[in-house]
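Asks: The structure that follows is given in the form of structure tokens.
The values are calculated or read from the model by the stated rules, or taken from the named source; none is laboratory data. Values in this document were obtained by computation on a predicted structure and should not be read as measured data. Methodologically, a virtual Cβ is constructed for each residue, glycine included, from the backbone with ideal geometry; neighbour enumeration extends over all protein chains shown. Ligands, DNA and RNA are excluded from the accessible area calculation, which covers all protein heavy atoms including side chains. Shrake-Rupley method; radii C 1.70, N 1.55, O 1.52, S 1.80 Å.
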Amino acid sequence: MTETPLLDVRNLTIDLPRGADRPHAVQDLTFTLEPGEILCVVGESGSGKSMTAHAVMGLLPKAVKVSSGEIRHQGTDVFSLPERDQRALRGGRIAMIFQEPMTALNPLMRVGDQIDEVLRYHTTLDRAARRARVVELLASVGLPEPDHLRRSYPFRLSGGQRQRVMIAMALAVEPDILIADEPTTALDVTTQKQILELIQDIQAKRRMGVMFITHDFGVVAEIAHRVAVMQRGRIVEIGTAEDVLNRPQHPYTRQLIAAVPHLIEHREDFTRARQPVLTAEKVCKTFHLGGGFFTPGRKVVAGDDLSLTIHQGETVGLVGESGSGKSTLGRSIVGLIKPDSGKILFEGVDLLSLSRPAFRPYRRHVQMVFQDPYASLNPRHTVGDIITQGPVAFGEDRHKALDKAKALLKLVGLDASAAERFPHEFSGGQRQRISIARALALEPKLLIADEPVSALDVSVQAQVLDLLEDLRHRLNLSMLFITHDLRIAAQICDTIAVMQKGRIVEIGPAKEVFGNPQHAYTRTLLDAIPGKGWTIPEDVVPVTRRSAALRNSA
Amino acid sequence: MPRIALFISQRLVKAVFVILAIAVFNFFLVHAAPGDPAAVMAGEAGAADAKFVEQLRQQFGLDRPLYEQLGTYMSKVVQADLGYSYRQQRPVFDLLMDRLPVTLSLTLTAFVLALLGGVALGTLAAMRAGTWSDTAITVVGLTAYATPIFWIGLMLILLFSVNLGWLPAFGTESIGAGYTGWDAFLDRAKHLVLPVTTLGLFYMAVYTRLTRASILEVRDMDFVKTARAKGLPEWRIVSVHILRNAILPVITVAGFQAGHLIGGSILIETVFALPGIGRLAFEAVLQRDYQVLLGIFLLTSVVVVVFNLLTDLIYSLVDPRIEVAP
């Protein structure tokens, strides 16, 4: 090829500080990025994909050093440049957007000023010209009323809007390369779709090279021209999107693709003949934010006339975007939030009418698994303590409880010796297993799982989902599964309830909701799932299908 | 800005009630201590005659029931009359106004210098965390924080006044020198150097530690990474992005400390023989000089309330997420 690539990474090796789990963050990395191309870098957390992006930007943490190799930007070796020129490159020729739009903007600065900063240090424009450019940029990323929005502080904006501001900021001086580090992972599925379209659109218009880091193969299928798969600091497979997605060669790529959650049609129908365990009737909840004695605050309706029944052995999926009120309903059922009105009937008893002491015996029947396994386990307690606290509080003998805890740890696929260790010694997936064991220790009849896998890597996600699926068959559990990811809901739920703005807009058997959605919002959600056009290649056997087969043969 | 005006006026109305409540509370607090000015005066005069004490009590109105005394006091307070010190034979207000400039010139100077120096040193230490300059700043800060404040004062006197003879050791001006104009100001400033340094060192240590810890927390945040990715020069990242976010906890503590501007310098005033409010309070306690004591308490509470209001206002200016809500 005669054209110099935009970005040419050759034999890049980055050393990790001593005592890390491996000597190199990335090892012998070689790839190129051409103009007008979207290169997706895929891998699980810790695979070195973010580290690579940070190395290109010159943003590596101090403890981490590039030990060999080079990064060339349009033929110039970036590392040989003086700091001044490297700075001109960052934000000028190479721009980056980050995963967390909620924290990536300075909370104390107006968004317009934050964009203005880039122009100030990379161009010679005067004040008025910069202001005009800021407005133009904000308009170009599809933000409403750019002249007004320019003066807003980040906390006034939604996650999607903030990510648009980030993109506007990155595009300020028309860079050649955009590095996007999981830019849609923290966003709702519909917002994700919009942001992906925006990136694609801008990239095509300006023939930018985009290095897009993600762990989601759906997103890859949606936007990638070429794909690089990373594992433990190495590129194990690189090729066109077409090849990697449909004819994956490396076992690790195949494993990742197999773990992608997907709509499955072969799930046997749930029969509604069984007993209802929990019925929510016309539950309403409104939160009042801010305000004082005389000044009215903002009202947020998190629950408006919510009715829902969970039968014995049934998994009900509660799907919707953030702020739709999914968690509020889940928390109301566990008794963490008191709804304003309505009934929550557990085996015929209205939990809301009970006093605190009268409610207590019911607590053990309804248990919850939380989203963030890093925050939901007390770091100062041993795993054994964490699991036995519940049963001991309900009067069980400590030794007996500990024996049971060990049995539970085995049940969720951990070693019994885990009981003596502390949560920080476990990975995210293992911690979520501990959380599940903790919830099961009280032998609940109903499990509320609030986004239990959204903080986990895909392959770990598949394992935890598998575990939940397995447990509910073995223990005949009922489950309310709260998620924003429709693919996951499709995989694990019998019944789906779709929530929007505090209302359940559609509820029905999973097959019908996904196969023949009635409500416009459900259709929007389904339409926004990334990678719909791509079907997992036949020769890669999905994880759940494999385990279902195992279960049937056992 | 009508919103700000509304906020301030509402807070001021509340403040009046708070201060009145404090005045009542102070009144009982002062009277809860055993002994009264009559007993102390009689004791000092060497006349333990019960009749004489009784006569003094009558003269000062101390023989009336407590609630009646409270009524008299409060009715004077709402008229901004702080009473009359029989002990000093002067109105309390005049006494306070005599002493206030000395105390304020000491505490305000120390406060401002400590704040500026502390934030600067803390920033320096945090940006060079782990290097020798960080260690030096941390060690010096810790020493200044842990050493008793009067001892530092005495040592400074020993070094700069007694041994080197550079600076005066006590008082507010050279008595009998007859300086005027610029010379008089310089003379007063010279007298303030040691007490201000002593008081300021301690607070500077607090701000240094606070700023350093806060910056270390902020500098790893995502938006700092964004600022780096924008290709901004380092000084701009530190001053605009890191420091502005890190300064919030410092403001909280500074606002809290500013409330102590009046009463927090008793030790320093004693060591350096400065005729300030702190000394006045100390003497008033010994003499059971109720009126003076109550006057000082009231003044202190007004200062605390005013600085609380100021802190809230500054907070809402620095952090847009905090809205002034009355």
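Asks: Residue under question is A:SER417, and the condition is that it be of a type in the set (Ser, Thr, Tyr), assigned to a helix (DSSP H, G or I) and in contact with a Leu (Cβ under 8 Å, 6 or more places away or on another chain); does it hold?
Replies: No, not satisfied.
Asks: Of all residues in the stretch B:120-136, how many are within 15 Å of B:THR211 (Cβ to Cβ), open to solvent by 20 Å² or more (accessible area, probe 1.4 Å) and at pLDDT below 90?
Replies: Count: 3.
Asks: To continue, here is another question. Pairs under 8 Å by beta carbon, first residue open to solvent by 80 Å² or more (accessible area, probe 1.4 Å) in the stretch B:158-169, partner at pLDDT 80 or above, six or more apart or different chains?
Replies: Note: pairs meeting the criteria are B:TRP166/B:PHE160.
Asks: Tally the residues that are part of a helix (DSSP H, G or I) and within 13 Å of another protein chain (Cβ to nearest Cβ), restricting the search to the stretch A:160-179.
Replies: Of the residues in that region, 9 qualify.
Asks: Given the criterion of a type outside the set (S, T, N, Q), more than 14 Å from chain A (Cβ to nearest Cβ) and part of a helix (DSSP H, G or I), identify the matching residue among B:GLY278, B:GLY264.
Replies: The match here is B:GLY278.
Asks: Then there is this: Go through the residues of the stretch A:159-166 one by one and say whether even a single one is open to solvent by 10 Å² or more (accessible area, probe 1.4 Å) and of a type in the set (A, V, I, L, M).
Replies: no
Asks: Something else: When you go through (1) over 18 Å from the mean Cα position of the chain (by Cα); (2) modelled with pLDDT under 85 one by one for B:ARG228, which number turns out not to apply?
Replies: (2)
Asks: Is it the case that some residue within the stretch A:85-94 is small (Gly, Ala, Ser), free of Cβ contacts under 8 Å to residues at least 40 places away in the same chain, in contact with a Gly (Cβ under 8 Å, 6 or more places away or on another chain) and open to solvent by 10 Å² or more (accessible area, probe 1.4 Å)?
Replies: Scanning the stretch A:85-94, I find at least one residue that is small (Gly, Ala, Ser), free of Cβ contacts under 8 Å to residues at least 40 places away in the same chain, in contact with a Gly (Cβ under 8 Å, 6 or more places away or on another chain) and open to solvent by 10 Å² or more (accessible area, probe 1.4 Å), so the answer is yes.
Asks: How about the stretch A:315-334: which of its residues are surrounded by fewer than 23 Cβ atoms within 10 Å (Cβ to Cβ) and farther than 29 Å from A:GLY159 by Cα?
Replies: none
Asks: Could you please find all residues in the stretch B:233-253 being open to solvent by less than 10 Å² (accessible area, probe 1.4 Å) and more than 7 Å from chain A (Cβ to nearest Cβ)?
Replies: Going through the stretch B:233-253, the residues open to solvent by less than 10 Å² (accessible area, probe 1.4 Å) turn out to be B:237, B:241-242, B:246, B:250.
Answer for the stretch B:233-253, where residues must be open to solvent by less than 10 Å² (accessible area, probe 1.4 Å) and more than 7 Å from chain A (Cβ to nearest Cβ): B:ILE237, B:ILE242, B:ALA246, B:VAL250.
Asks: If I filter the stretch A:103-116 for residues that are closer than 26 Å to B:ASP319 by Cβ, at the interface with chain B (Cβ under 9 Å from one of its Cβ atoms), open to solvent by 60 Å² or more (accessible area, probe 1.4 Å) and touching a residue at least 24 places away in the same chain (Cβ under 8 Å), do I get at least one hit?
Replies: Yes; the residues of the stretch A:103-116 include at least one that is closer than 26 Å to B:ASP319 by Cβ, at the interface with chain B (Cβ under 9 Å from one of its Cβ atoms), open to solvent by 60 Å² or more (accessible area, probe 1.4 Å) and touching a residue at least 24 places away in the same chain (Cβ under 8 Å).
Okay, residues lined up against (1) of a type outside the set (Gly, Ala, Ser); (2) closer than 24 Å to A:ASP494 by Cβ:
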site	(1), (2)
A:GLN312	yes, yes
A:GLY320	no, yes
A:LYS326	yes, yes
A:GLY335	no, no
A:PRO339	yes, no
A:GLY342	no, yes
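Asks: Then there is this: Being assigned to a helix (DSSP H, G or I) and away from chain B (no Cβ under 14 Å) is the filter here; which residues of the stretch A:117-129 pass it?
Replies: Listed by number, the residues that qualify are A:ARG127, A:ALA128, A:ALA129.
Asks: On to the next question. Which members of the stretch B:208-229 meet the condition of being within 7 Å of chain A (Cβ to nearest Cβ) and touching a Gly at 6+ places or on another chain (Cβ under 8 Å)?
Replies: B:ALA229
Asks: Additional query: On the given criteria, is A:SER68 assigned to a strand (DSSP E or B) and more than 13 Å from chain B (Cβ to nearest Cβ)?
Replies: Details: assigned to a strand (DSSP E or B): yes; more than 13 Å from chain B (Cβ to nearest Cβ): yes.
Considered against the rule, which asks whether it is assigned to a strand (DSSP E or B) and more than 13 Å from chain B (Cβ to nearest Cβ), A:SER68 comes out as yes.
Asks: Right, here's the next one. Regarding the stretch A:204-211, can at least one residue be identified that is assigned to a helix (DSSP H, G or I) and either within 14 Å of chain B (Cβ to nearest Cβ) or of a type in the set (A, V, I, L, M, F, W, C) (or both)? Give the steps one after another, and end with the answer.
Replies: Here is the first cut: in the stretch A:204-211, the ones assigned to a helix (DSSP H, G or I) are A:204-206.
Subsequent filtering for residues that are either within 14 Å of chain B (Cβ to nearest Cβ) or of a type in the set (A, V, I, L, M, F, W, C) (or both) retains A:204.
Yes, the stretch A:204-211 has at least one match.
Asks: Within the stretch B:218-232, identify whether any single residue is in contact (Cβ under 8 Å) with a residue 60 or more places away in the chain, open to solvent by 10 Å² or more (accessible area, probe 1.4 Å) and out of contact with any Pro (no Cβ under 7 Å at 6 or more places or on another chain), and answer yes or no.
Replies: Scanning the stretch B:218-232 turns up at least one residue that is in contact (Cβ under 8 Å) with a residue 60 or more places away in the chain, open to solvent by 10 Å² or more (accessible area, probe 1.4 Å) and out of contact with any Pro (no Cβ under 7 Å at 6 or more places or on another chain).
Asks: Hey, another quick one. Which numbered condition in (1) touching a strand residue (DSSP E or B) at 6+ places or on another chain (Cβ under 6 Å); (2) of a type in the set (Val, Ile, Thr); (3) within 14 Å of chain B (Cβ to nearest Cβ) is the only one that A:ILE223 fails?
Replies: Checking A:ILE223 against (1) touching a strand residue (DSSP E or B) at 6+ places or on another chain (Cβ under 6 Å); (2) of a type in the set (Val, Ile, Thr); (3) within 14 Å of chain B (Cβ to nearest Cβ), the one that fails is (3).
Asks: Tell me, which strands (runs of 3 or more DSSP E) wholly within the stretch A:304-412 include 2 or more residues that are over 26 Å from the mean Cα position of the chain (by Cα)?
Replies: In the stretch A:304-412, A:341-346 are the strands (runs of 3 or more DSSP E) which contain 2 or more residues that are over 26 Å from the mean Cα position of the chain (by Cα).
Asks: In the stretch A:10-40, which residue that is in a loop (DSSP other than H, G, I, E, B) and hydrophobic (A, V, I, L, M, F, W, C) is farthest from A:PRO61 (Cα to Cα)?
Replies: In this case the residue turns out to be A:ALA20.
Asks: Look through the stretch A:141-151, keep the residues that are buried (at least 18 other Cβ atoms within 10 Å of the Cβ) and in contact (Cβ under 8 Å) with a residue 24 or more places away in the chain, and return whichever of them is farthest from the other protein chains (Cβ to nearest Cβ).
Replies: A:LEU143
Asks: Is it true that some residue in the stretch B:225-232 is closer than 30 Å to B:ILE149 by Cβ and of a type in the set (Val, Ile, Thr)? Don't jump to the end; show me each part of the working.
Replies: As a first pass, look at the stretch B:225-232 and keep what is closer than 30 Å to B:ILE149 by Cβ: none.
No, because not a single residue in the stretch B:225-232 is closer than 30 Å to B:ILE149 by Cβ and of a type in the set (Val, Ile, Thr).
Asks: Could you tell me whether the stretch A:506-514 includes any residue that is without any contact (Cβ under 8 Å) to a residue 40 or more places away in the chain and open to solvent by 60 Å² or more (accessible area, probe 1.4 Å)?
Replies: Yes, because at least one residue in the stretch A:506-514 is without any contact (Cβ under 8 Å) to a residue 40 or more places away in the chain and open to solvent by 60 Å² or more (accessible area, probe 1.4 Å).
Asks: Quick one: which of A:ALA259, A:ALA221 is on the phi < 0 side of the Ramachandran plot, modelled with pLDDT of 85 or more and in contact with a helix residue (DSSP H, G or I) (Cβ under 7 Å, 6 or more places away or on another chain)?
Replies: A:ALA221
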